[in-house]
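All remarks here apply to the structure that follows.
The values are calculated or read from the model by the stated rules, or taken from the named source; none is laboratory data. Worth saying up front: this structure is predicted, and the values here are computed from it rather than measured. All Cβ positions, even for glycine, are placed from backbone atoms using ideal geometry, and neighbour counts span all protein chains on display. Accessible surface areas use protein heavy atoms only, side chains included; no ligands, DNA or RNA. Shrake-Rupley method; radii C 1.70, N 1.55, O 1.52, S 1.80 Å.
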Amino acid sequence: MFDKRKLLYSLTLLFVLLLLSCSTAPQELEQLSYKPITGSILMDEAVVLKSGISVEIRLLDVTIPESEEIQLSKQIIKNPNKHQFNFLLRFDQTDIQPYGTYIVRIAVYEDETLIYKGAKDTQVLTKGFSDTVSETLISVY
């Protein structure tokens, strides 16, 4: 004959372990799949930091030169209050292929009109390039 309490205890313990494994596994995977690109941006002191200014930082996949670039991540900083500041751009590392080509592109808009851009697109992440960007912005005029 079997003990009903032992059976109930075993089933309860199994159920709790199953719930714990289901509730923590996806969160751990999600946390592990995201990585940051860090950087600093220096804007010309002539830029008047007023309402309506936004800085757009994008991570782009430009692996295939003739095709359209693919945006992997984007951060917008609205109404920056300093001419020099740091940023952290999160991306899903599962989007990154070892032989791919990836760039960070920075642009400054005033009410949706491009006024400044990065002096160059900065290659990152693969082919010996780092996950850090330091960019000085230039006027588009």
Restrict the search to the stretch 32-118; then list the chymotrypsin sites (Phe, Trp or Tyr not before Pro) that DSSP places in a loop and that have at most 11 other Cβ atoms within 10 Å of their Cβ. Tyr99
Highest average packing first - 135-141, 63-69, Cβ atoms within 10 Å: 135-141, 63-69
How much area per residue is accessible in the stretch 41-102 when the probe is 1.4 Å and only protein heavy atoms are counted (Å²)? 63
Accessible area of the stretch 85-141 with a 1.4 Å probe: how many percent of it is carbon plus sulfur? 51
